[in-house]
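Chemist: Quick one: the structure is below, and I'll ask about it shortly.
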Amino acid sequence: MDKIKQFEPLFGDWYAESLIGAGSFGRVYKIYRDELDNRFYSALKHISIPSDGSEVNQLRMDGMDDRSISTYYTELTKSITEETKLMNRLRGNTNIVSFEDSKVIPK
């Protein structure tokens, strides 16, 4: 959970409580915020691109130079951002998990 802690408080007043799960594009955390005598919970998906330095090293070993790697990750980030825009437009649909907010922090 160390990686997510560096961004706290998340969106102003949210804190990571525990890791829910992880996949190929990121980790999902149970987050909370306190207001008066109430604690509210939500989930946060933290996507880190690249996930770690070994991923970049593998692209270099596959023959990509730094410029190509940067372009690759920029395009991947744009694709994920487009997905978040779609999720935002679908907000409120009872058959889809609610999407509340997103933020891109360049590395």
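Chemist: Once R0 is set to 30 Å, what does the formula 1/(1 + (r/R0)^6) return for the Cβ-Cβ distance between Ile69 and Phe11, expressed as a FRET efficiency to the nearest 0.05?
Modeler: Between Ile69 and Phe11 the formula returns 0.50.
Chemist: Percent relative contact order of the chain, based on C-alpha pairs within less than 8 angstrom and at least six residues apart?
Modeler: 13 percent
Chemist: Taking the structure as given and computing Rg and Dmax of the Cα atoms in Å, which label from (i) 16.3, 56; (ii) 22.1, 77; (iii) 12.2, 35 fits?
Modeler: (i)
Chemist: Run the count for the chain, please: Lys pairs, Cα-Cα under 19 angstrom, 8 or more apart or on different chains.
Modeler: The number of close lysine pairs in the chain is 17.
Chemist: Something else now. What percent does the relative contact order of the range 6-55 come to when contacts are Cα pairs within less than 8 Å and at least six residues apart?
Modeler: Averaging sequence separation for qualifying contacts and normalising by length gives 27 percent for the range 6-55.
Chemist: Return the calculated 222 nm mean residue ellipticity for the chain, to the nearest 500 deg cm²/dmol, obtained by summing -39500 (n - 2.57) across DSSP H runs with n ≥ 4 and dividing by the residue count.
Modeler: Dividing the helical sum by the residues of the chain leaves -11000 deg cm²/dmol.
Chemist: Hey, can you find the accessible area per residue of the chain for me, probe 1.4 Å, expressed in square angstrom?
Modeler: 76 Å²
Chemist: Rounded to the nearest 10 degrees, what's the angle between the helix 66-89 long axis and the longest principal axis of the chain, both from Cα atoms, 0 to 90?
Modeler: On a 0 to 90 degree scale, this one is about 30.
Chemist: Here's something else I'd like to know. Given a 1.4 Å probe and every protein chain left where it sits, what share in percent of the accessible area of the range 1-96 is carbon and sulfur?
Modeler: Result for the range 1-96: 50 percent of the exposed heavy-atom area is carbon or sulfur.
The values are calculated or read from the model by the stated rules, or taken from the named source; none is laboratory data. Bear in mind that the values here come from a model prediction, so they are computed numbers and not experimental data. Using ideal geometry, Cβ is built from the backbone for each residue, glycine included, and neighbour counts are taken over all protein chains shown. Ligands, DNA and RNA are excluded from the accessible area calculation, which covers all protein heavy atoms including side chains. Shrake-Rupley method; radii C 1.70, N 1.55, O 1.52, S 1.80 Å.
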